[in-house]
Amino acid sequence: MTAKERCPVLFYTAIALIPALLLLAWLYTRDKLHPEPKRHVYKLFLLGAGIVLPAGLIERGLIDTSSGIHTATLRTTFITAFFVAGMVEEFLKASIVERKALQQGLMKSPIDAIVYSGAVALGFAAVENILYVTSSGLTTAVVRSVTAVPAHFMFGIIMGTAFSRHIWHGRSKAWAYILPAVAHGIYDTFALQSGLVSNILLLLYLVGLVSWSLRQLDQSVEWSARLTQSDPS
């Protein structure tokens, strides 16, 4: 590859990374009382980035296995959205968060759970975005910066909220796998369809998802502050 050929690739890679890095930086600033060690956040971000390849291989295998399903386009879309993309990607992300953050005792407050889950989600989104943008161009970068990347971020908030409720409310940690996968499946069901109606539904869903997720994030910040006040250590 010549220097002239490398320039567009490097440009698109940088453009693809910016949304995820900005969201990660913003999320990190939300924990003002006891910010997580940056090395742990970076590690989770990189681990999230590292599962894009295995996720893609698993998804390809599942798609090849179900390639005989042609009877109903909506049914095929539903299966792909929920049981291929949604389940595979969110289960892999949640397994990383569980093993590298939950089991390591890194989640010391509810906002910690969201920061670490968000870091994994954004690492995944960053690499996925690079793959799409470098192959499809600037228009894809713009569209995904306001759709797919924020969506992965919201799935991470959902996951972190579920993990925090597991730790402090005793709820099953299975919800940290299931809820993001369902949210992801709904998103992909709309995103994989073509047409004005699907695009409008996708936009409305994203607005609702962002609104709900930001409320959960604010509540986790307040909850963390109360826990800190009751246990200063």
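Read the figures in this text as sums done on the coordinates, not as results from a lab. Every value quoted in this text rests on a predicted model; they were computed, and no experiment measured them. Note that each Cβ is placed from the backbone with ideal geometry, even for glycine, and that neighbours are counted across all protein chains shown.
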Identify, among 204, 172, 35, the residue whose Cα sits farthest towards the positive end of the charge dipole of the chain, taking +1 on the Cβ of Lys and Arg and -1 on the Cβ of Asp and Glu, with the dipole about the Cα centre. 35
What number, rounded to the nearest 500 deg cm²/dmol, is the helix-based mean residue ellipticity at 222 nm of the chain, given -39500 (n - 2.57) per DSSP H run of at least four residues and division by all its residues? -26500 deg cm²/dmol
Quick one: putting +1 on the C-beta of Lys and Arg, -1 on the C-beta of Asp and Glu, what dipole do you get for the stretch 86-191 around its Cα centre, in Debye to the nearest 20? 320
Could you give the length gained by full extension between residue 219 and residue 135, i.e. 0.36 nm per residue of separation minus their alpha carbon distance, to one decimal place? 26.3 nm
Say R0 is 25 Å: what FRET efficiency, to the nearest 0.05, do residue 21 and residue 142 get from their beta-carbon distance? 0.95
Taking the 0 to 90 degree range and rounding to the nearest ten, how far is the long axis of helix 110-136 tilted relative to the main principal axis of the chain, both from C-alpha atoms? 20
Between the helical axis of 38-50 and the dominant principal axis of the chain, each derived from Cα atoms, what acute angle in degrees is found, rounded to the nearest 10? 30
Anchor residue 108: aspartates and glutamates whose Cα lies under 19 Å away (excluding residues fewer than 8 positions away in-chain): 31, 36, 98, 218, 222, 231
Given [x] 75, 50, 33; [y] 56, 48, 31; [z] 121, 37, 35 as possible values of Cα extents along the principal axes in Å, the one from the coordinates is [y]
So what is the relative contact order for the chain, in percent, with contacts set as C-alpha pairs under 8 Å and at least six apart? 28
Where the only charges are on Cβ atoms (+1 Lys, Arg; -1 Asp, Glu), what is the dipole of the chain about its Cα centre, to the nearest 20 debye? 340
So how strong a dipole does the stretch 150-233 carry about its Cα centre when Lys and Arg Cβ are +1 and Asp and Glu Cβ are -1, to the nearest 20 debye? 180
Label point distance in nm, residue 13-residue 83, each placed 7 Å from Cα along Cα→Cβ: 3.8
Taking the number of other C-beta atoms within 10 Å as the exposure measure, put 128, 59 in order starting with the fewest. 59, 128
If 114, 51 are placed from fewest to most neighbouring beta carbons inside 10 Å, the sequence is 51, 114
Packing-based exposure ordering (other Cβ within 10 Å, fewest first) of 39, 75: 39, 75
Which distance in nm do the two modelled labels at residue 38 and residue 201 give, with both placed 7 Å along the Cα-to-Cβ direction? 4.4
